[in-house]
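Each remark here refers to the structure printed beneath this line.
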Amino acid sequence: MFFDWAAQPFFTVVTTFIFGPYVVNRLASDPAAGQSAWAFGVAIAGLSIAILSPILGSIADQAGRKKPWIAGFAVLKVMMLAALWFAEPGSSLLLVIGAFVLATIAAEFSIVFNDSMLPRIATPEQTGRISNIAWGLGYAGGLIVLALTIALLAANPETGRTLIGVEPLFGLDASAGEDARITGPIAAVWYLLFILPMFLFTPDARRSTMAPGKAVRSGVAELRSTWAEVRRQPGLAKFLAARMIYQDGVNALVALGGTFAAALFGWPIMEIGIFGILLNLTAIPACLVAGGLDKRLGSKNLVIIAVILLLVATVGIVSTQADSTLFGLIALPVADSGGLFGTAAEKVYILYGLLIGLAFGPVQASSRAWMARSVPAEEAGRWFGFYALSGRATSFLAPLLVGTVTAATGSAPIGMAVITLFLLVGLVIALRTPYPAADPKTLLRID
């Protein structure tokens, strides 16, 4: 569970709420161009993950232990996060996004190996509860780092003071973007510190005596074999296809939601951070409640409910303008009170954001539990490699389409509307998928 606690601040403060909006608003020539560039970076990372995740999962099964892989990717992730400190205004946008892409790839590969440990350390009845509680812990970790950032590090451009009225720690200069750039090193230190319980206390598989070269060849062969097995399991194939599509929408929404809000309302780091805190405060209890509901309702039903909530929230977000929401059906006053989230449109946007907070933890945690209930623990690595593939095979597509449509139309809302298509199609397929997706005994190969 502490792996999620350690890993989540990267996604919270770097990808979504602090560093990403800084890149879009400060490093790019204009917000639309910034959203396109950030979306293309997410797409490149997703394509790399989609290609390599199932191969690495199969190799890990052959090599046995998962922790050495997590440790190796941790080194790359920490190095790239530390490099984000040098993303000063006027820096090369290409180099900054390149470092972010490598950090994302390392983070996601680590998740593949961590997830593949779940069936070995928990019974099928426990997986839903453990997965949702772990996701809740992740959001708690992200919330703490985000709250500390806006309370102690991010200054109001007008007053030069943080949310609690003090000068930024370490003499950070907001005009140079240091309050945003520091989130990279902070996420790196947090990850290094809190990943230790997983390394020290979580049991790993036994070390394999297979030579590294043979493990690679066997892993690639396993990939081909696993793909053939998926084709013979219609239920599992439907589940993986459904998750591939709706998770693509979820990934794009999480990666681009903060930058979209920043561009739409011109929010500074402080307001973006408060928005992120509200989402995380909603997500934490949602995951904890979902952990109990998963056993009673089943992982599939929780996934369906969560995707519907995300679909409603996304429609609301992309339809909100300064004077209306839901494509003009509801008129909004345009007066600005002058305080935080001073307009009615901003408040409505936050309400839609809270729906996302309710749903985006359970949809991912219960999807993980749905998969864990459907595959044999002895071969979880190769199956969770394919699980990662189902979450990343087209993960470049949604950000790519968002970026392309945004660049072509010059409209960020039109670009973000692409996400609704992925959520809707994934929902339809998930509704027609059995639960569990397959009988683990039919997937267990006996040599």
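So the values come out like this:
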quantity: Dipole-positive endmost among A122, F170, A151 within the chain (Cβ charges, Cα centre); calculated: A122
quantity: Under 13 Å, Cβ to Cβ, from A71 - net charge with Lys/Arg +1 and Asp/Glu -1; calculated: +3
quantity: Theoretical gain in end-to-end length, T404 to W85 [0.36 nm per residue, Cα-Cα removed]; calculated: 112.0 nm
quantity: Positive-end residue, the chain charge dipole about Cα centroid, Cβ charges, pick of M244, G353, S91; calculated: M244
quantity: Carbon + sulfur, % of accessible area of the chain - ligands and nucleic acids excluded, 1.4 Å; calculated: 69
quantity: Mean Cβ count within 10 Å, highest first, over the residues of peptides 268-280, 9-21, 162-174, 300-312; calculated: 9-21, 268-280, 300-312, 162-174
quantity: Gaussian network model of the chain, Cα within-10 Å springs - most flexible of S374, S36, S324; calculated: S324
quantity: Simple label model, 7 Å out from Cα along Cβ direction - A33 to K441, nm; calculated: 6.2
quantity: Qualifying lysines (Cα of each under 22 Å from Cα of K67; at least 8 residues distant if same chain); calculated: K77, K214
quantity: Under 5 Å, built H, 5+ apart or other chain: amide partners of I330; calculated: T325
quantity: Backbone N under 19 Å from the L431 label point (7 Å along Cα→Cβ), restricted to the stretch 298-322; calculated: 298-316
quantity: Surface per residue (accessible, 1.4 Å probe) for the chain, Å²; calculated: 39
quantity: Separation of the F199 and D323 label points, Cα + 7 Å toward Cβ, nm; calculated: 5.8
quantity: Cβ charges +1 (Lys, Arg) and -1 (Asp, Glu), total dipole of the chain, debye; calculated: 1840
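The values are calculated or read from the model by the stated rules, or taken from the named source; none is laboratory data. Predicted, not measured: the structure shown is a model, and the values here were computed from it. Counting neighbours? That spans all protein chains shown, and the Cβs are built from the backbone with ideal geometry, glycine included. Remember, those area values only see protein heavy atoms, side chains included, never the ligands or the DNA or RNA. Shrake-Rupley method; radii C 1.70, N 1.55, O 1.52, S 1.80 Å.
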